[in-house]
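The block underneath contains the structure these notes are about, expressed in structure tokens.
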Amino acid sequence: MPFAQLVIGPPGAGKSTYCNGMQQFMGAIGRKCSVVNLDPANDMTSYDAAVDVRELVTLESIMGDDSQNQNKGDNEEEDGDEAPGLGPNGGVLYALEEVEQNFDWLHDRLKDLGDDYVLFDCPGQVELFTHHDSLRKIFMKLAKEAGYRLVVVNLVDSYCLTLPSLYVSTLLLCLRSMLQLDMTQLNVLTKIDNLAKYPSLPFNLDFYTEVQDLSYLLPLLEQESPMFARGKFTALNEAIVNLVEEFGLVGFETLAVEDKKSMMTLLHAIDRAGGYAFGAAEGANDTVWQVAVREGGVGKMDVRDVQERWIDQREEWDEIERKQWEEEQRKREEEWKNGQLAEGADGDGELPPMMGTSGVKVRRRGEQNTKTTTTDMTAKESEGGKRQGRENTAPPAPQQ
């Protein structure tokens, strides 16, 4: 039975970036992973999609964009088909209805992926996962007809923490999507590494992730705008926070997509929610690193660790990790040179390979990105784990 993540969230939350980073991270730990693009408007993905819904339907064809369809005019006249001429939001809804009606097309292409772990990159229109039925029906068919074990990953930009009203509206959006989709769902605050750039939060990070005692937000809502201090708005705010607390469903994980420990912690939470353990997507020759990742025993971060790493002492941690990274690079280059000399190499000055042969299987579907990514850092950590004296844990917290 294959496993999959359904990546949803409002525009700008980082869904495509997350899919790209998670695919690389899974490849580095030996888990076969493929990405499916379900967004008919996304024509410039940062990843190489194994299945692209734009092969079936595109937003440009639905909107009747002449610049995109100038080569198709004769065929449309012969077939008698006309573009609906909808706007962007209506066009995406129409496209998802087309995917629902032609689910066999999607199912046939998913069969070619075998037991790969699949990431479904969904559109960002919030109405798709708050009250429209097409996306929910597609998810249900993926579970019942295609046999996927699904976990919904709802991404939200951590900027919403900076304003009480924005945070409350985010809580309502998350709650509505959980009730609408009726599936296992994790809500994730993305771009957590940017919080240090924003104004200071009135509460610690755990207040926002655990979603408890929301009544403390009411005075801040009144301070945010004089309009919120009026009697009717005060009663409305109280009713909203009480509603969220009564359901008790909403909570948040955190994510910095370029930090391997943050990715590791989130993946462990998703695996635990979806019941993933030693699935068919795993590599045959598991390393200690891979087993530790699945068991959650390496680098698991508590929300207080996240607070310290990305908010309270970010500069100190950045400096420590920079020095550690430079030291690892120096040791790796020295070991490579020593190995070349031992084998009788002529020392032509070529750079050492970026990837080792530590059992980590990296699966790539497109051109390799020359920029340092999560995959590069994770693979180096895995390679370095076989060397004596190497520390796999985080450095001690800097002294204030």
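The values are calculated or read from the model by the stated rules, or taken from the named source; none is laboratory data. Since we're looking at a predicted model, the values are computed, not measured. Note that we place each Cβ from the backbone using ideal geometry, even for glycine, and neighbour counts take in every protein chain shown.
Some notes on this structure:
- Taking the range 48-167 and the helices (runs of 4 or more DSSP H) fully enclosed by it, the elements with 3 or more residues that are crowded, with 19+ Cβ neighbours inside 10 Å, at pLDDT below 90 and assigned by TED's automatic domain parsing to the domain that holds K32 are at 59-63.
- Test: V303 is modelled with pLDDT of 85 or more and of a type outside the set (S, T, N, Q): yes
- Selection status of E308, assigned by TED's automatic domain parsing to the domain that holds R322, farther than 18 Å from T162 by Cβ, assigned to a helix (DSSP H, G or I) and modelled with pLDDT of 80 or more: yes
- Qualifying residue in the range 194-203 (condition: of a type outside the set (G, A, S) and either outside the structural domain of V241 (by TED's automatic domain parsing) or in contact with a Lys or Arg (Cβ under 8 Å, 6 or more places away or on another chain) (or both)): no
- The sole residue among C19, C33 that is over 11 Å from the mean Cα position of the chain (by Cα) and farther than 20 Å from G90 by Cβ is C33.
- Residues in the range 211-260 that are among the charged types (D, E, K, R), surrounded by 13 or more Cβ atoms within 10 Å (Cβ to Cβ) and modelled with pLDDT of 90 or more were compared, and the one that is nearest to the chain's Cα centre (by Cα) is E253.
- Boolean, L179 is closer than 26 Å to V306 by Cβ and either part of a helix (DSSP H, G or I) or touching a Leu at 6+ places or on another chain (Cβ under 8 Å) (or both): no
- Some residue of the range 138-158 being touching a residue at least 60 places away in the same chain (Cβ under 8 Å), among the charged types (D, E, K, R) and under 16 Å from V92 (Cα atoms): no
- Restricted to helices (runs of 4 or more DSSP H) entirely inside the range 193-264, no element has at least 3 residues that are over 26 Å from Q307 (Cβ atoms) and touching a His at 6+ places or on another chain (Cβ under 7 Å).
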